[in-house]
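The next block holds one structure in the form of structure tokens; read it before the comments.
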Amino acid sequence: ELQQIIGRALKKKTESRYASAAEILNDLKKYQDRLRAEELGALNLRTLLRRLRKPRVAIPAICAVLVMALAAVWFLNRQANIRWARQVALPEIERLMEENFRDLTEPYKLAVEAEKYIPNDPKLVEFFAKGSSHVNIKTEPPGADIYWKEYKAPDSEWEYLGVSPLENVRLPRGVYRWKMEKQGYETVLAASLMGNPVRVLDEIGSIPEGMVRVPASVTDMGKLKDFYVDKFEVTNKQYKEFVNDGGYRNREYWKHEFIKDGRYLTWEEAMAEFVDQTGRPGPPGWQAGEYPEGQENYPVSGVSWYEAAAYAEYAGKTLPTAVHWDVARGGSTSLIKWPQFGGFAVFAPFSNFGGRGPVPVGSLPGITSYGTYDMAGNVREWC
């Protein structure tokens, strides 16, 4: 106010200045009266504004206003989110469930978002009861990093779930790919519906190369102990080693009597059956003892059961029984079963069906319960 009086007195234009000293005195008296009023504690708009300008008053006042403003914004946003959850999210969850009740990953993600705003909504609670489960994931030894992703999205990024053992983890109903890693141990890659039983981690180098562990299970034929099964089908390149090492000449690999059309064959008669297109020992699709060019990683095909059994002896292995094969693929006798919840329908699109012929082993992402590939589609396996 004092600055305003001085400013008027110094105006460049004469008509803008005080016309007389009396006018100046009048304004100065008003200013002096207001100062006295403030000293006496009188409260009016001017004194209130003056007090508010003081830092010890202004700063708390500004903070209070900011807090109230932020609270108002939070409240309005929350109300908008609650309306979204009830009016948009819940109807969309119901629609997605009706479209595909076997794969509830998408409605589950939406429900998790809606749960932030309406956690006790009856419809949401009902969805989680139907569309999710709480699972336990354990490894022996513990301390493995657990990752997961949707089975239908093999190229997506792995999502970190935690360190084993994990208990009471809520997941949507669906089929998932799993990865379990622990330093010094073989990485476990597998797939299953929902959670997993205990997975055994093998120290690096302690299991046969190219094989994966299948845990013990109880079947119609009794209890099976843990066993190993090849991760991939036998390739042309692997079978060529058997041929080149004299596999068709070494009788030690051929443990079974040869029977054709109900008649027993001699060794010589049987070997005459197992030749390629040029009459040399080997699969019927080969020529001059060689597989087709560029197909070294394709599965060997056309071999008889006898040849498959002989190759297994050569490799220091055995053909699986049908029960072992069923367990390894995740069949009805397995601890982790694919038929439930439409598992095979989810599995098939990632396997070699459609009549295009064989493809290189492991080139398709159709992984089974215990980490094997190509057990559906491609070529058949002997048991």
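The values are calculated or read from the model by the stated rules, or taken from the named source; none is laboratory data. Since this is a predicted model, take the numbers as computed values, not measurements. Cβ atoms come from the backbone with ideal geometry, glycine included; neighbour counts cover every protein chain shown. To get the accessible areas, we keep the full protein, side chains included, count just its heavy atoms, and leave off ligands, DNA and RNA. Shrake-Rupley method; radii C 1.70, N 1.55, O 1.52, S 1.80 Å.
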(request) Tell me which residues, restricted to the stretch 287-307, are free of Cβ contacts under 8 Å to residues at least 60 places away in the same chain and outside any loop (DSSP other than H, G, I, E, B). (result) GLN287, GLU290, TYR306, GLU307
(message) Tell me yes or no: at least one residue of the stretch 233-240 is under 16 Å from LEU319 (Cβ atoms), touching a strand residue (DSSP E or B) at 6+ places or on another chain (Cβ under 8 Å) and surrounded by 13 or more Cβ atoms within 10 Å (Cβ to Cβ).
(response) yes
(message) I need the strands (runs of 3 or more DSSP E) fully contained in the stretch 145-223, keeping only those with at least 2 residues that are touching a residue at least 24 places away in the same chain (Cβ under 8 Å) and within 28 Å of LYS130 (Cα to Cα).
(response) 145-150, 166-172, 175-181, 188-193
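So that you can scan it fast, the table gives a plain yes or no per residue for (1) closer than 18 Å to GLU150 by Cβ; (2) modelled with pLDDT under 85; (3) open to solvent by less than 80 Å² (accessible area, probe 1.4 Å); (4) under 24 Å from the mean Cα position of the chain (by Cα):
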{"site": "PHE75", "(1), (2), (3), (4)": "no, yes, no, no"}
{"site": "ILE82", "(1), (2), (3), (4)": "no, no, yes, no"}
{"site": "VAL112", "(1), (2), (3), (4)": "yes, no, yes, yes"}
{"site": "GLY131", "(1), (2), (3), (4)": "yes, yes, yes, yes"}
(message) Step by step: first the residues of the stretch 352-375, then only those that are part of a loop (DSSP other than H, G, I, E, B) and hydrophobic (A, V, I, L, M, F, W, C), then the one that is surrounded by the most Cβ atoms within 10 Å (Cβ to Cβ). Which residue is that?
(response) MET375
(request) Output the residues belonging to the stretch 255-286 that are surrounded by 14 or more Cβ atoms within 10 Å (Cβ to Cβ) and either touching a His at 6+ places or on another chain (Cβ under 7 Å) or not in a loop (DSSP other than H, G, I, E, B) (or both). (result) PHE258, LEU265, ALA270, MET271, VAL275, PRO281
(request) Filter the stretch 22-51 down to the residues that are modelled with pLDDT of 85 or more and open to solvent by less than 80 Å² (accessible area, probe 1.4 Å), then identify the one that is nearest to ALA61 (Cα to Cα). (result) TYR31
(request) Report, by residue number, each residue of the stretch 245-254 that is without any contact (Cβ under 8 Å) to a residue 24 or more places away in the chain and assigned to a helix (DSSP H, G or I). (result) ARG251
